[in-house]
Amino acid sequence: MAIRRFLNLERRLDQQPDLKREYAKFIHEYEQLGHMKEVDVGPSEPPGSAYYLPHHCVLRPSSTTTKLRVVFDGSARTSTGVSINDALKVAPTVQNDLLSILLNFRCYRYVFTTDIPKMFRQIELHPEDTPYQRILWRDDRS
């Protein structure tokens, strides 16, 4: 499924060189920041020992910050009908609900907010779990 979706994406990108350049730029930045690394897959790797996430892009030309965003689709179902999201344990919500957060702003004279750029990419996985978050990518078909 991930191979089929990647080949479809690749055909689309081949027809839109500007989009392909932006997509490749995103992938290379992802790698430069250490959020992913190239993996050599040998013929001895047992079937089912890895999971490849399909990915696609979302375009927002009107955005001032991120015009292209790459989405890794963990809810995509495999040939068995199960997605990686189905197999993961769902943890309880740790943050307050939005209404409580907004009401808390009324309690103080000054408030401070921040954003952690690329926060979810900065969560390191246990090395045993990394084979289950692979993607397919190549800069050139050849």
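The values are calculated or read from the model by the stated rules, or taken from the named source; none is laboratory data. Just so it is clear, the model here is predicted, and its values are computed rather than measured. Methodologically, a virtual Cβ is constructed for each residue, glycine included, from the backbone with ideal geometry; neighbour enumeration extends over all protein chains shown. Accessible surface is based on the protein model in full, side chains and every heavy atom, while ligands, DNA and RNA are left aside. Shrake-Rupley method; radii C 1.70, N 1.55, O 1.52, S 1.80 Å.
Scanning segment 78-97 finds one or more residues that are farther than 30 Å from residue 13 by Cβ, touching a helix residue (DSSP H, G or I) at 6+ places or on another chain (Cβ under 9 Å) and not hydroxyl-bearing (Ser, Thr, Tyr).
Considering segment 124-142, and only residues there that are open to solvent by less than 100 Å² (accessible area, probe 1.4 Å) and part of a loop (DSSP other than H, G, I, E, B), the residue that is modelled with the lowest pLDDT turns out to be 125. Look at segment 54-74: where a residue is under 16 Å from residue 121 (Cβ atoms) and in contact (Cβ under 8 Å) with a residue 60 or more places away in the chain and a partner is β-branched (Val, Ile, Thr) and outside any loop (DSSP other than H, G, I, E, B), sitting 6+ places away or on another chain with Cβ atoms under 6 Å, you get 55/70.
Restricting to segment 7-42, and then to whatever is more than 19 Å from residue 128 (Cα to Cα) and not in a helix (DSSP H, G or I), can you tell me which residue is farthest from the chain's Cα centre (by Cα)?
Among residues in segment 7-42 that are more than 19 Å from residue 128 (Cα to Cα) and not in a helix (DSSP H, G or I), the one farthest from the chain's Cα centre (by Cα) is 16.
Among the residues making up segment 88-122, those that are assigned to a helix (DSSP H, G or I) and either at pLDDT 85 or above or open to solvent by 100 Å² or more (accessible area, probe 1.4 Å) (or both) are 98, 99, 100, 101, 102, 103, 104, 105, 106, 107, 120, 122.
In segment 85-142, the qualifying residues are those that are of a type in the set (S, T, N, Q) and more than 29 Å from residue 3 (Cβ to Cβ), and the one that is farthest from the chain's Cα centre (by Cα) is 104.
hydroxyl-bearing (Ser, Thr, Tyr), within 26 Å of residue 37 (Cβ to Cβ), out of contact with any Leu (no Cβ under 8 Å at 6 or more places or on another chain) and open to solvent by 90 Å² or more (accessible area, probe 1.4 Å): is that true of residue 62 in this structure? Taking the combined requirement at face value, the residue does not satisfy it. Contact annotation: residue pairs with Cβ atoms under 9 Å, 6 or more positions apart or on different chains, pairing a residue in segment 30-43 that is among the acidic types (Asp, Glu) with a partner that is surrounded by fewer than 12 Cβ atoms within 10 Å (Cβ to Cβ) and assigned to a loop (DSSP other than H, G, I, E, B), are 31/37; 31/38.
Of the numbered criteria (1) at pLDDT 85 or above; (2) more than 12 Å from the chain's Cα centre (by Cα), the one residue 57 fails is (2). Among the residues making up segment 76-87, a single one is surrounded by 11 or more Cβ atoms within 10 Å (Cβ to Cβ), in a loop (DSSP other than H, G, I, E, B) and without any contact (Cβ under 8 Å) to a residue 24 or more places away in the chain: 83.
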